[in-house]
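Taking it in order: structure first as C-alpha cells, then the write-up.
Since every read-out is calculated from the coordinates, none of them should be taken as a lab result. Bear in mind the structure is a predicted one, so any value in this text is a computation, not a measurement. Here the Cβ is made from the backbone with ideal geometry for all residues, glycine too, and neighbour counts use every protein chain on show.
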Ligand code: ADP
C-alpha cells in the first residue's frame with residue numbers, strides 16, 4: 001500500500017518520493033519511489049524536524065534548506081501520520097503552485113489510507129492480546145483442575161498407606177498403590193500434552209519423516225492404550241496392500257493415542273472402537289470411529305481449539321481439552337489434514353486423518 005502511494009505521488013508530480021513513518025521515538029523510511037531508503041544526515045535531520053514541528057523542512061523551505069529533499073508532514077484531521085520527502089533533478093522550486101495543490105490533496109488521501117491500515121493493525125494486536133488472555137485464564141483453570149485432581153488422589157493414597165499400614169489388608173494396599181500409579185500416569189500425560197502444545201505453538205517441532213505402514217503405528221498406539229481401552233472392544237480394518245506413507249512415527253503414534261484416549265473416555269464401556277484405513281486418490285485415510293455420543297455439528301471445527309470441550313460434563317472427566325489441538329498441530333506438521341465428523345448409521349464420532357502419499361512439500365516447522 002505504501003509503495004503504491006509513493007508511486008502515485010511520484011508519477012503525478014514527476015518527482016522522487018520517500019515516505020517516513022514513526023518507529024519508536026523517531027521516524028524511518030518505510031517506502032520510496034524509485035526505491036531508495038538511504039538518507040544522508042542533512043535529510044534525516046530535515047525529516048525529523050518536519051515530523052516534530054509539523055511544518056515543511058529541507059529543500060526550498062525556511063528550515064534546513066541544505067537537505068536534498070523537501071519534507072512535508074503527512075497528517076489526518078486526527079493525528080500526525082508521517083512525513084513525505086520529495087526531490088527532482090530540476091533547479092529552482094521543486095513544485096509549481098498547481099503541483100503544490102495536487103500534492104496537498106494526494107497527501108491527505110495518503111495520510112487517511114495509512115491511518116486506516118494502522119488502525120486495522122492496532123485492532124488486530126488488541127484482539128491477539130485478548131485471545132492470549134483468554135488462553136491464559138483457560139490454561140490456569142485447566143491446570144488447576146487437571147493437576148489438582150490426580151495430585152489429590154496420589155496424596156490421599158500415599159498418606160493412607162503411611163498412616164495406617166497395620167489396619168490394611170494386602171488388597172487395600174494394592175488398591176491404593178494402583179491409584180497412585182494410575183493418577184501419576186494421568187499427571188504424566190497431562191504434562192506431556194502441555195509440553196507438546198508449547199512445542200507446537202513455539203514452532204520448535206521438527207518432524208523426522210520416513211516411509212511407514214500406518215498399520216504398524218496403529219498397532220503400537222493400541223498397545224500403549226491397552227489399559228485405558230481395557231473395557232472397550234477394538235477392531236482394526238486396514239487392507240494389507242495399503243501403501244506406505246511418509247510420516248514421523250512418534251508424532252503419528254501420539255495423534256492416534258489421543259484419539260484412542262478420547263474414544264475410551266467418551267464412548268461407553270463395552271462399545272466398539274474401529275480403526276479403518278483406506279487408499280483414496282493420492283492419499284491414505286485413517287478413520288477412528290466410536291459408538292459414543294458423537295460431536296454436535298456446531299462443534300465439529302471447534303473441538304480442535306485448545307481447551308474447547310463440548311459438554312459441561314466433559315470437565316469432570318480427566319482431560320485437558322488439548323488432545324485434539326495437539327492432533328491437528330502434529331498432523332499438519334506432517335503435511336496431512338484432520339477432521340471431525342459423525343457416523344450416519346448410529347451415534348458416534350468419526351475422526352479422519354488424511355496423509356498425502358506424495359507430499360509436495362512437508363512444512364519443516366509449524367507456523
Ligand atoms: P479432552 O482432554 O477434553 O478430551 P480433546 O481436545 O481431546 O480434550 O477433546 C476436546 C473435546 O472434544 C472433548 O472435551 C469432548 O467434548 C470432545 N470429544 C473429543 N473426542 C470425542 C469423541 N470421541 N466423542 C465425543 N466427543 C469427543
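Which order do 52, 23, 291 fall in if you start with the one that has the fewest other Cβ atoms within 10 Å? Display every interim value, and only then the final one.
Values: 52 14, 23 11, 291 21.
If I rank by nearby Cβ atoms, fewest first, I get 23, 52, 291.
Roughly how many nanometres apart are two label points built 7 Å out from the Cα toward the Cβ at residue 279 and residue 297?
3.6
Measure nothing fancy, just the Cα-based angle from helix 2-13's long axis to the longest principal axis of the chain, in degrees from 0 to 90, nearest 10.
The answer is roughly 20 degrees.
Note the angle between two axes, namely the Cα long axis of helix 214-224 and the longest principal axis of the Cα atoms of the chain, as a number of degrees from 0 to 90, rounded to the nearest 10.
Taking Cα atoms only, the helix is inclined about 60 degrees.
What is the calculated FRET efficiency for residue 357 to residue 235, with r their C-beta to C-beta distance and R₀ = 25 Å, to the nearest 0.05?
On the way: r = 25 Å, r/R0 = 0.98.
FRET efficiency, residue 357 to residue 235: 0.50.
What nm distance separates the two modelled labels at residue 28 and residue 53, each placed 7 Å from Cα along Cα→Cβ?
Distance between the two pseudo-spin positions: 2.6 nm.
Between residue 105 and residue 14, what FRET efficiency comes out of the Förster formula 1/(1 + (r/R0)^6) with R0 = 25 Å and r the beta carbon distance, rounded to 0.05? Intermediate results must be reported in sequence, preceding the final value.
Details: r = 16 Å, r/R0 = 0.65.
About 0.95, to the nearest 0.05.
Which of 118, 100, 254 moves the most in a Gaussian network model of the chain with Cα springs under 10 Å?
Result: 100 has the largest fluctuation of those listed.
Specify the residue with the greatest mean-square fluctuation among 180, 326, 114, computed from a Gaussian network of the chain linking alpha-carbon atoms under 10 Å apart.
So, out of 180, 326, 114, the one fluctuating most is 114.
For the chain, just say rounded, prolate or oblate: build the C-alpha gyration tensor, square-root its eigenvalues into a ≥ b ≥ c, call rounded for a/c under 1.5, and beyond that prolate if a/b exceeds b/c, oblate if not.
Numbers: a/c = 3.66, a/b = 2.41, b/c = 1.52.
The shape class here is prolate.
Go ahead and estimate [θ] at 222 nm for the chain from helices alone: -39,500 (n - 2.57) per DSSP H run with n ≥ 4, summed, over the residue count, rounded to 500. Please list the in-between numbers first.
Working: 7 runs with 165 residues, N = 367.
That comes out to -16000 deg cm²/dmol.
Can you classify segment 1-133 as rounded, prolate or oblate using the Cα gyration tensor, where a ≥ b ≥ c are the square roots of its eigenvalues, rounded means a/c under 1.5, and otherwise it's prolate if a/b beats b/c and oblate if not? Write out the running numbers ahead of the final one.
Details: a/c = 2.12, a/b = 1.74, b/c = 1.22.
Verdict is prolate for segment 1-133.
Under a plain spin-label model, where a point goes 7 Å from the Cα along Cα-to-Cβ, how far apart in nm are residue 220 and residue 332?
2.5
Specify the angular offset, from 0 to 90 degrees and rounded to the nearest 10, of the alpha carbon long axis of helix 323-333 from the longest principal axis of the alpha carbons in the chain.
60
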